[in-house]
Amino acid sequence: MKILKTRVAVSNHSNEVKSQGKKLSFVPTMGALHQGHISLVTLAKKNSDHVIASIYVNPTQFGPNEDFDSYPRDIQNDLDLLEKAGCNAVFIPDEKEIYPEGKPESKNIVKENADILCGKSRPQFFHGIWLVVSRFFEIVQPDMALFGEKDFQQLQIIRNMAEEEGFNIEIIGAPIIREADGLAMSSRNKYLTEEERKIAPKLYEELKHIAEKILHRESVEHAISEAKGKLTNVGFDVDYLELRDSESLKLLNEYNPKARLFAAAMLGKTRLIDNIPI
Ligand code: AMP
């Protein structure tokens with residue numbers, strides 16, 4: 001596996017791959033990799049001839065009081081996992097490769113859906129994501145890029161970004177990979193205490209309960225408020241628990257075939273997010 005550290009090295013590498021007529025895929029990550037990330041590499045390998053991953057903890061998507069400094073970093077383990085998964089190259093840039101002009105203010109870039117769900121409590125988040133992913137797309141110039149449905153809102157905003165900025169890149173969404181007890185894998189799960197780790201799968205359990213009730217045509221509002229109560233009782237501080245359209249992300253108050261449940265909650269110091277289709 002090639003390790004690439006500069007924009008020029010990546011650009012040369014991807015030009016070479018594409019000049020051989022190969023399909024190039026791209027998997028951006030923030031490192032501290034787990035099987036959720038690796039599933040994207042595996043899917044990328046199935047759909048293309050050459051996979052480039054990236055590891056970069058992007059400062060513009062973190063708020064001033066968020067966990068940029070403490071975000072887990074474990075490069076050696078990441079490289080081992082990527083290599084084992086058959087990834088062909090990994091881009092590990094430092095800040096000046098991505099933001100040569102200095103770290104920009106990322107505000108008001110995303111016009112749609114940046115201030116709902118995760119964007120409500122993290123106002124800078126999707127603007128930072130839009131900015132960094134578009135920079136990566138410019139540098140890597142892949143034929144396709146893969147993103148997890150774990151970050152479903154991010155996936156939809158990136159689809160909009162690719163269209164609006166005219167990137168000819170296919171955006172592929174991949175299913176959420178979970179621990180055996182249902183907890184969605186996340187680099188941030190490392191923050192959970194032993195006690196919290198036992199409670200954490202209840203978020204997914206409650207999503208499934210709500211989905212069942214909605215399918216039985218029970219009141220969406222009632223199902224959600226009951227689940228919120230249960231989550232609060234076991235120690236979650238629920239940020240949002242909402243039924244939305246999976247394409248437009250518009251709020252729904254009754255079942256439709258594109259309905260999807262979205263949740264975010266703090267458990268101690270850890271922010272957990274999850275979502276399921278109905
Ligand atoms: P991150 O390193 O958290 O920025 O995630 C990088 C990519 O991996 C994003 O496209 C995420 O949606 C995806 N991802 C993270 N966790 C999971 C998971 N449990 N299942 C599937 N994809 C995931």
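The values are calculated or read from the model by the stated rules, or taken from the named source; none is laboratory data. In this text the structure is predicted, and so the values were computed from the model without any measurement. Note that each Cβ is placed from the backbone with ideal geometry, even for glycine, and that neighbours are counted across all protein chains shown. Calculation scope for accessible area: heavy atoms of the full protein, side chains included, ligands and nucleic acids excluded. Shrake-Rupley method; radii C 1.70, N 1.55, O 1.52, S 1.80 Å.
Here are a few things to note about the model shown:
- Residue within the stretch 54-65 that is modelled with pLDDT of 95 or more, part of a strand (DSSP E or B) and either of a type in the set (D, E, K, R) or surrounded by 19 or more Cβ atoms within 10 Å (Cβ to Cβ) (or both) present: yes
- Of all residues making up the stretch 123-164, the number that are basic (Lys, Arg), closer than 24 Å to residue 251 by Cβ and touching a helix residue (DSSP H, G or I) at 6+ places or on another chain (Cβ under 8 Å): 1
- For the stretch 187-201, a residue qualifies if it is part of a loop (DSSP other than H, G, I, E, B) and open to solvent by less than 30 Å² (accessible area, probe 1.4 Å), and the qualifying residues are 192, 200, 201.
- Filter pass, residue 103 being open to solvent by 80 Å² or more (accessible area, probe 1.4 Å), over 30 Å from residue 250 (Cβ atoms) and touching a residue at least 12 places away in the same chain (Cβ under 8 Å): yes
- Taking the stretch 13-36 as the range and being in a helix (DSSP H, G or I) and open to solvent by 30 Å² or more (accessible area, probe 1.4 Å) as the test, the residues that pass are 15, 16, 18, 19, 35.
- Single condition residue 242 does not satisfy, out of (1) within 15 Å of the ligand (Cβ to nearest atom); (2) under 15 Å from residue 274 (Cβ atoms); (3) assigned to a strand (DSSP E or B): (1)
- Remark: residue 92 falls outside the filter, which requires a residue to be modelled with pLDDT of 95 or more and open to solvent by 40 Å² or more (accessible area, probe 1.4 Å).
- Every condition in (1) at pLDDT 95 or above; (2) closer than 18 Å to residue 217 by Cβ holds for residue 262 except the one numbered (2).
- Matching option when the condition is within 12 Å of the ligand (Cβ to nearest atom), open to solvent by less than 20 Å² (accessible area, probe 1.4 Å), within 14 Å of the chain's Cα centre (by Cα) and β-branched (Val, Ile, Thr), among 158, 171: 158
- Considering the stretch 15-40, and only residues there that are closer than 20 Å to residue 138 by Cα and under 18 Å from the mean Cα position of the chain (by Cα), the residue that is farthest from the ligand (Cβ to nearest atom) turns out to be 25.
- Residue 119 being open to solvent by less than 10 Å² (accessible area, probe 1.4 Å) and away from the ligand (no atom under 14 Å from the Cβ): yes
- Selected residue (criterion: farthest from residue 100 (Cα to Cα)) from residues of the stretch 1-10 that are open to solvent by 40 Å² or more (accessible area, probe 1.4 Å) and in contact (Cβ under 8 Å) with a residue 60 or more places away in the chain: 1
- Filtered residues of the stretch 174-186 (kept if within 10 Å of the ligand (Cβ to nearest atom) and open to solvent by less than 40 Å² (accessible area, probe 1.4 Å)): 174, 176, 183, 184, 185, 186
- Residue identified as surrounded by fewer than 17 Cβ atoms within 10 Å (Cβ to Cβ), touching a residue at least 40 places away in the same chain (Cβ under 8 Å), assigned to a loop (DSSP other than H, G, I, E, B) and not hydroxyl-bearing (Ser, Thr, Tyr) among 218, 247: 247
- Those residues of the stretch 130-155 which are over 24 Å from residue 9 (Cβ atoms) and either more than 14 Å from the ligand (Cβ to nearest atom) or assigned to a helix (DSSP H, G or I) (or both), in sequence order: 130, 149, 150, 151, 152, 153, 154, 155
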